[in-house]
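*Asks:* Dropping a structure here in structure tokens format, bear with me for questions.
Please treat every number below as a calculation from the coordinates, not as lab data. Since we're looking at a predicted model, the values are computed, not measured. Neighbour counts are summed over all protein chains in view; Cβ atoms, including those assigned to glycine, are modelled from backbone coordinates with ideal geometry.
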């Protein structure tokens, strides 16, 4: 029993042809990376939505977005996204600490400069 091909076309619709033994019909057995448009022969990564990419292409995409570039499904459970979010959270915390420290220093300086100076005769 053959099922529908799992290839998603550029317009976002699924291929209407039946698959022949694999996940894709005969037209789509050569999988093209949607980011660089080159054939995926090795170093591929398949997302939870079943779209395939070169690892380098999808990691570059993940710099800007947490969603699949084809269907826009969130990839929040992907290890790359989890790591990215962990690093971002860590950096936000360090940035917050640095800003608070800077604000404290500025307040101390303003307080010291606002004090009237004592002149001894």
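*Asks:* Can you tell me which residue in the stretch 60-77 is surrounded by the fewest Cβ atoms within 10 Å (Cβ to Cβ), limited to those that are touching a strand residue (DSSP E or B) at 6+ places or on another chain (Cβ under 7 Å), touching a residue at least 12 places away in the same chain (Cβ under 8 Å) and farther than 20 Å from residue 11 by Cβ?
*Replies:* Taking the stretch 60-77 first, the residues touching a strand residue (DSSP E or B) at 6+ places or on another chain (Cβ under 7 Å) are 66-67, 70-71, 73-75.
Next, only the ones that are touching a residue at least 12 places away in the same chain (Cβ under 8 Å) stay: 66, 70-71, 73, 75.
Filter again for farther than 20 Å from residue 11 by Cβ, leaving 66, 75.
Working: 66: 16, 75: 20.
Applying the filter and picking the extreme gives 66.
*Asks:* Then there is this: If only one of 83, 53 is under 24 Å from residue 5 (Cβ atoms) and either in a helix (DSSP H, G or I) or in contact with a helix residue (DSSP H, G or I) (Cβ under 8 Å, 6 or more places away or on another chain) (or both), which one is it? Walk me through it before giving the result.
*Replies:* Details: 83 fails: under 24 Å from residue 5 (Cβ atoms).
Residue meeting the stated conditions: 53.
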